[in-house]
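The values are calculated or read from the model by the stated rules, or taken from the named source; none is laboratory data. Predicted, not measured: the structure shown is a model, and the values here were computed from it. Cβ: placed from backbone, ideal geometry, glycine included. Neighbour counts: every protein chain shown.
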Amino acid sequence: MTTILKGVLVSAPSLGELEIHAPGYLVLEDGVVSEVLDVLPQRYAGVFVEDFGNRLISQSFTDLHLHAPQYPMLGTGLDLPLLDWLNAYAFPTEARFADEDYAREMYCKLASELIRNGTTRVCMFSSLHRKATLILMEELEKAGLTGFVGKVNMDRNGGKNLQETTEESMQETLRWLEECQDFPHIKPVLTPRFTPSCSDELMAFLGKLAVERGLPVQSHLSENTAELELVRQLHPDCAQYWETYAKYGLWTEQTAMAHCVWSDERERAAMRKAGVTAVHCADSNLNLCSGVSPVRALLNEGVKVALGSDVAGGDTLSMFDVVASTIRASKARRILDDWKTDFLTSAEGWYLGTSAGAAFFGAKPGFAIGEPLHALVLDDGALPPLSTPEERLSRFITRRQDGAVRAVWSDGRRVL
C-alpha cells in the first residue's frame with residue numbers, strides 16, 4: 001500500500017548536517033520509505049496525500065539508555081551522588097516491581113508517555129524480575145515501540161530486597177530468553193547492571209551467553225569517581241574500567257555503555273577499536289554530580305555516540321530536553337577544556353538523538369530509502385513564525401511546547 005506524507009521534511013543524515021525539503025513528500029510502501037521528493041510526479045496521481053502543511057516532519061527519537069523501573073521516582077532524590085542515590089532511592093523503587101500488577105500499571109504509563117514524546121526506539125533496563133521484564137516488553141509492544149529490553153543481572157551490592165543469587169540470576173536469564181522470543185519489535189539485550197553488581201562468575205556466564213546467542217549488551221561505564229574506585233577494588237587485575245567487561249566477552253560492536261564521563265584517551269581508544277557505543281546522558285550526569293562527559297573528544301576520536309535520558313537519574317523522558325541538555329553540557333565542557341573544544345550545534349544534537357541511536361539497531365541515517373519509517377510531526381503554529389526550518393528545529397529543541405508532537409510513526413506504523 002502506498003502512503004504519501006507532505007510537510008517540511010527535516011532529517012539528520014550525518015553529524016552536523018540537516019537535509020531539508022520545504023515542502024517535501026515522503027512516499028511509503030507498506031510503511032517503508034521508497035522516495036523522498038520535492039515535487040510529486042504524475043505517477044502518483046490519485047494516491048491520497050496526507051498534507052501536514054507547514055508542520056515539520058522529522059525523525060523520531062531513540063533513547064538508548066533508561067531504567068524502566070525507576071519511572072515512578074522520576075525527579076526524586078537528585079540531591080545525592082550516584083552510589084548513595086542508588087541505595088536510597090533507585091534500588092528500593094526497583095524492588096517494588098516484584099509486584100506484577102504494579103509493574104503493569106507503571107509500564108503501561110511509561111510506554112504511552114514515550115510515544116507521546118516522540119520516542120520510538122529504546123534500549124532499556126528492566127529490573128531483575130523476570131515476570132516484570134516480560135510485562136515491560138508486552139507494554140512497549142502494545143504502545144508501538146521498537147528496540148531492546150534487558151532483565152537486569154545483579155548478584156551483589158544490591159541489598160536484601162534487590163539481589164539474586166548467582167544461580168538464580170543465570171537461570172532466570174535463560175528462562176526469560178526463552179519466554180521473550182515471540183515479541184516482534186522488542187528484543188532482548190543482556191544487562192549486567194554494572195561491574196559492582198555482578199560477580200566474576202555471573203559476568204563470565206553473560207559473556208559466554210552473548211557470544212553463543214549473538215546477543216547485544218548494555219551496561220554502565222566510568223560514570224562516577226566513587227564508582228571507579230569501587231571497580232578498582234573489585235578488579236585489581238584491570239587497569240581500567242572497560243577491561244572488566246572486555247575480559248568476559250562483553251565488549252563488542254553490539255555493546256552500549258552509558259555515561260563514559262571519565263573515559264580517558266586510552267578507554268576511548270578501546271571503545272573505538274571494539275565498536276562500542278557510548279551513550280551520553282547529560283541530565284543524569286549533572287543531576288548526580290557525576291561530571292561532564294567529553295562528547296566532542298569521543299566524536300573526534302571516532303567513537304560512536306548516542307543519547308539516553310537515563311531516567312530516573314535524568315529527570316525527563318522528553319528527548320527534546322535531552323538534546324537541549326546535551327548541547328548545554330557540551331558548552332560547559334568547552335569552558336572546562338579552556339575553550340579548546342567546540343560545543344555541539346543543534347544539528348549535531350538532533351543527529352545524536354535520532355540517527356546515531358538508530359544506528360545501534362542497524363538502521364541507516366536520516367529518511368533512508370528502504371528503511372521503515374520512524375518519524376514525528378511537529379507543530380509550532382501557536383508561536384511567532386521563524387524564517388527557516390533550521391531555526392524552527394532549534395526552537396523545538398530548546399523551548400518546551402505542549403502538544404507539539406502531533407503524529408508519530410514507529411517501524412512504519414502510525415502509533416499516535
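Per-structure values
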quantity: Members of segment 352-390 that are outside any helix (DSSP H, G or I) and small (Gly, Ala, Ser); calculated: Gly362, Ala363, Gly366, Ala368, Gly370, Ala375, Gly381, Ala382, Ser387
quantity: Residue match in segment 148-169 (condition: assigned to a helix (DSSP H, G or I), surrounded by 15 or more Cβ atoms within 10 Å (Cβ to Cβ) and under 24 Å from the mean Cα position of the chain (by Cα)); calculated: no
quantity: Verdict on Gly158 being of a type in the set (Gly, Ala, Ser), within 19 Å of Tyr71 (Cα to Cα) and at pLDDT 95 or above; calculated: no
quantity: Test: Val217 is assigned by TED's automatic domain parsing to the domain that holds Val276, β-branched (Val, Ile, Thr), under 24 Å from the mean Cα position of the chain (by Cα) and at pLDDT 95 or above; calculated: yes
quantity: Residues being more than 19 Å from the chain's Cα centre (by Cα) and under 14 Å from Leu66 (Cα atoms) - total across segment 112-142; calculated: 0
quantity: Residue within segment 341-356 that is in contact with a helix residue (DSSP H, G or I) (Cβ under 6 Å, 6 or more places away or on another chain) and under 15 Å from Val122 (Cα atoms) present; calculated: yes
quantity: Matching residues in segment 383-398 - criterion: being farther than 18 Å from Tyr351 by Cα and either of a type in the set (Phe, Trp, Tyr) or at pLDDT below 95 (or both); calculated: Ser387
quantity: Residue list for segment 118-138, restricted to those being buried (at least 24 other Cβ atoms within 10 Å of the Cβ) and of a type outside the set (Gly, Ala, Ser); calculated: Thr119, Thr120, Arg121, Val122, Cys123, Met124, Phe125, Leu128, His129, Thr133, Leu136, Met137
quantity: Helices (runs of 4 or more DSSP H) within segment 237-351 that include 3 or more residues farther than 22 Å from Gly150 by Cβ, over 18 Å from the mean Cα position of the chain (by Cα) and not hydroxyl-bearing (Ser, Thr, Tyr); calculated: 265-274, 295-300, 319-336
quantity: Matching entry among Leu215, Leu206, Leu202 (being touching a strand residue (DSSP E or B) at 6+ places or on another chain (Cβ under 8 Å) and surrounded by fewer than 21 Cβ atoms within 10 Å (Cβ to Cβ)); calculated: Leu215
quantity: Failed item in (1) assigned by TED's automatic domain parsing to the domain that holds Met319; (2) among the aromatic types (Phe, Trp, Tyr); (3) at pLDDT 95 or above, with Trp85 passing the rest; calculated: (3)
quantity: Pairs, first of a type in the set (Lys, Arg) in segment 139-157, second buried (at least 24 other Cβ atoms within 10 Å of the Cβ) and assigned to a strand (DSSP E or B), C-beta under 7 Å, six or more apart; calculated: Lys151/Thr191
quantity: Qualifying positions in segment 338-354 - in contact (Cβ under 8 Å) with a residue 40 or more places away in the chain and either surrounded by fewer than 24 Cβ atoms within 10 Å (Cβ to Cβ) or among the acidic types (Asp, Glu) (or both); calculated: Thr341, Asp342, Phe343, Thr345, Ser346, Ala347, Glu348
